[in-house]
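Asks: Submitted below is the structure of interest, expressed as structure tokens.
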Amino acid sequence: MNKPIVPHRIRKVFEGRILAVTVESITLSSGARLEAEIVRHPGSVVLIPTTDSGEIVLVRQYRHAIGRSAWELPAGSLKQGEDPRAAAVRECHEEIGLIPSAVERLGAFFPTPGYCDEEMSFYRATGLRAPTDEDSAAQQDEDEDIEARAFSVEAIRQMIGSGQIVDLKTVAGLLLLEVKGH
């Protein structure tokens with residue numbers, strides 16, 4: 001494994017609610033100099049909520065960057081210092097209104113390592129139940145308008161094949177389930 005390249009200079013050009021953008025001056029092992037534009041992200045969790053009958057719950061929400069709604073696996077950014085497993089439980093409750101009795105980490109991916117450091121950790125959530133009075137209240141983020149629906153794995157495969165699912169984390173999540181034998 002190559003040792004990490006240490007930037008000569010880091011300039012923050014934007015800091016928002018979810019991410020920051022930096023320009024980092026680096027020298028590659030070849031000696032070439034580069035101004036690397038990097039999106040800095042705290043990381044995220046992606047849920048594969050699985051019902052007792054084996055269906056997977058997807059959410060449909062409007063994604064302004066692509067100008068349309070998309071079916072996808074529920075997901076959310078990590079809060080400062082938040083444990084990813086706890087974030088998976090929180091996001092499941094917030095996005096689909098159900099609480100998992102178990103979350104199993106399946107793996108992690110960097111969706112766009114050419115310009116972004118976000119690491120997506122994938123969790124299978126099972127034993128889904130409705131919240132009780134003892135559970136803390138969950139609220140969707142103010143920028144979310146979410147519809148949740150359970151689909152069979154075969155229906156999700158067909159949605160991917162037909163172009164109804166365009167979200168890459170959802171495709172990766174389904175592949176992870178298959179690779180892990182779920």
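The values are calculated or read from the model by the stated rules, or taken from the named source; none is laboratory data. This structure is a prediction, so every number in the text was calculated from the model and none was measured. Using ideal geometry, Cβ is built from the backbone for each residue, glycine included, and neighbour counts are taken over all protein chains shown.
Asks: Within the range 83-106, how many residues turn out to be outside any helix (DSSP H, G or I) and surrounded by 15 or more Cβ atoms within 10 Å (Cβ to Cβ)?
Replies: Filtering the range 83-106 for residues outside any helix (DSSP H, G or I) gives 83, 97-106.
Next, only the ones that are surrounded by 15 or more Cβ atoms within 10 Å (Cβ to Cβ) stay: 97-100, 103-104, 106.
Selection size over the range 83-106: 7.
Asks: Of the conditions (1) loosely packed, with under 13 Cβ neighbours inside 10 Å; (2) out of contact with any helix residue (DSSP H, G or I) (no Cβ under 8 Å at 6 or more places or on another chain), GLN61 clears all except one; give me its number.
Replies: Condition not satisfied by GLN61: (1).
Asks: Condition check: of a type outside the set (S, T, N, Q) and in contact with a Lys or Arg (Cβ under 8 Å, 6 or more places away or on another chain). Does PRO74 satisfy that?
Replies: Numbers: of a type outside the set (S, T, N, Q): yes; in contact with a Lys or Arg (Cβ under 8 Å, 6 or more places away or on another chain): no.
Here the answer is no, as PRO74 does not meet what is asked.
Asks: Under the condition of being part of a strand (DSSP E or B), among the aliphatic types (A, V, I, L, M) and touching a residue at least 12 places away in the same chain (Cβ under 8 Å), which residue from the range 16-42 is nearest to LYS3 (Cα to Cα)?
Replies: First pass over the range 16-42, keeping only residues part of a strand (DSSP E or B): 20-27, 33-40.
From the residues that got through so far, the ones that are among the aliphatic types (A, V, I, L, M) too are 20-21, 23, 26, 34, 36, 38-39.
Within this subset, residues satisfying the condition of being touching a residue at least 12 places away in the same chain (Cβ under 8 Å) are 20-21, 23, 26, 36, 38-39.
Working: ALA20: 24, VAL21: 23, VAL23: 20, ILE26: 13, ALA36: 17, ILE38: 19, VAL39: 21 Å.
Ranking the candidates gives ILE26 first.
Asks: Can you tell me which residue within the range 64-75, out of those that are in contact (Cβ under 8 Å) with a residue 40 or more places away in the chain and assigned to a strand (DSSP E or B), is surrounded by the fewest Cβ atoms within 10 Å (Cβ to Cβ)? Give the steps one after another, and end with the answer.
Replies: Here is the first cut: in the range 64-75, the residues in contact (Cβ under 8 Å) with a residue 40 or more places away in the chain are 66, 70-75.
Still in the running and assigned to a strand (DSSP E or B): 70-72, 75.
Numbers: ALA70: 17, TRP71: 19, GLU72: 20, ALA75: 22.
This residue is ALA70.
Asks: Residues to consider are SER25, SER69, SER44, SER101; find the one that is at pLDDT 95 or above, under 15 Å from the mean Cα position of the chain (by Cα) and not aliphatic (A, V, I, L, M). Let's see the steps before the verdict.
Replies: On the way: SER25 fails: under 15 Å from the mean Cα position of the chain (by Cα); SER69 fails: under 15 Å from the mean Cα position of the chain (by Cα); SER101 fails: under 15 Å from the mean Cα position of the chain (by Cα).
Every option except SER44 fails the conditions.
Asks: Out of LEU177, LEU168, LEU128, I need the residue that is surrounded by fewer than 16 Cβ atoms within 10 Å (Cβ to Cβ) and either under 18 Å from ALA75 (Cα atoms) or at pLDDT 95 or above (or both). Which one?
Replies: Values: LEU177 fails: surrounded by fewer than 16 Cβ atoms within 10 Å (Cβ to Cβ); LEU128 fails: surrounded by fewer than 16 Cβ atoms within 10 Å (Cβ to Cβ).
Being surrounded by fewer than 16 Cβ atoms within 10 Å (Cβ to Cβ) and either under 18 Å from ALA75 (Cα atoms) or at pLDDT 95 or above (or both) holds for just one of LEU177, LEU168, LEU128, which is LEU168.
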